[in-house]
Amino acid sequence: MKKLQELIDNNARWAESVRAKDPGFFAKLASQQTPEYLWIGCSDARVPANEIVGLLPGELFVHRNVANVVLHTDLNCLSVIQYAVDVLKVKSILVTGHYGCGGVRTAMGTRQFGLIDGWLRSIRDLYHVHHGELSKLETEDARVDRMCELNVLQQVNSVAQTTIVQNAWHRGQELMIQGCIYGLSDGHWKTLGESIAGLQQIPEVNRYQPL
Ligand code: CO
């Protein structure tokens, strides 16, 4: 493991290189942040949000948890979404999964890992829903990768069904939820083609009236 001092030295070099390009960069950022995007992604160390999409500090508001899950009882994730939508007024929420996600793989298996099994439970339920489709795929890796996509689509819908997002649409606020996925093996990030930008795209049964 690298010693803390090495990381401190890395940081000093990084801060200096940023300052060299734009002397006012940190002073400007210290006074405000105006990100247009909220990133909801996996905690996996191989999926660093800003780097993947080439955005600077200040340009991406970020929430990460294991397997990029959005649960309606998760005060942490919901608080991030609420602040991003109501206060920062982000224009886009990027729900980003990644192929080969260990959390998704765990949720599909029988081995216990402890507390994390409870966190991943909703993915396990989703796996059971799609079991028929997934069983037609030949390899476990293919099944995991497809499940990673299905998980993203599920979480896009979860975000769109929050009262936070629906109230923003009721107010006429511009806000799009997009499903994306990242490939660990090739570094490519792409959209899954799933995007929700208004109440008309939500099934009526899942819509809330305005406050
Ligand atoms: Co993951």
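Since every read-out is calculated from the coordinates, none of them should be taken as a lab result. As the structure is a prediction and not an experimental result, all values here were calculated from the model. Virtual Cβ from ideal backbone geometry, glycine too; neighbours counted across all protein chains shown.
Listed values, structure above:
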{"read-out": "Charge context of G179, other residues only, Cβ under 9 angstrom, K/R +1, D/E -1", "value": "-2"}
{"read-out": "Computed log₁₀ I(q)/I(0) - Debye formula, equal Cα scatterers, no solvent, segment 121-195, q 0.16, 0.17, 0.22, 0.24 Å⁻¹", "value": "-0.70, -0.76, -1.03, -1.12"}
{"read-out": "Theoretical ellipticity at 222 nm over the chain - DSSP helices of four or more residues, -39500 (n - 2.57) apiece, nearest 500", "value": "-12000 deg cm²/dmol"}
{"read-out": "FRET efficiency, 1/(1 + (r/R0)^6) with R0 30 Å, evaluated for N206 and L115 via beta carbons", "value": "0.50"}
{"read-out": "Calculated Rg and Dmax of segment 86-211 using C-alpha coordinates, Å", "value": "16.2, 48"}
{"read-out": "Calculated P(r) of the chain - Cα pairs past 24 Å, %", "value": "49"}
{"read-out": "Cα gyration tensor of segment 1-91 - equivalent ellipsoid semi-axes, whole Å, descending", "value": "27, 19, 11"}
{"read-out": "Burial ranking of peptide ranges 34-42, 151-159, 46-54 (average Cβ count within 10 Å, highest at the top)", "value": "151-159, 34-42, 46-54"}
{"read-out": "Protection-proxy order for peptides 194-202, 85-93, 62-70, each taking the mean of Cβ atoms within 10 Å per residue, highest first", "value": "62-70, 85-93, 194-202"}
{"read-out": "Stokes-Einstein D for segment 38-88, Kirkwood Rh over Cα pairs, 4 °C, 1.567 mPa s (µm²/s)", "value": "112"}
{"read-out": "Nearest-20 debye value, the chain charge dipole, Cβ charges on Lys, Arg, Asp, Glu", "value": "300"}
{"read-out": "Whole-Å semi-axes of segment 81-126's equivalent ellipsoid (Cα gyration tensor)", "value": "30, 13, 8"}
{"read-out": "Pairwise FRET efficiency - H170 versus Q33, Cβ, R0 = 30 Å, nearest 0.05", "value": "0.75"}
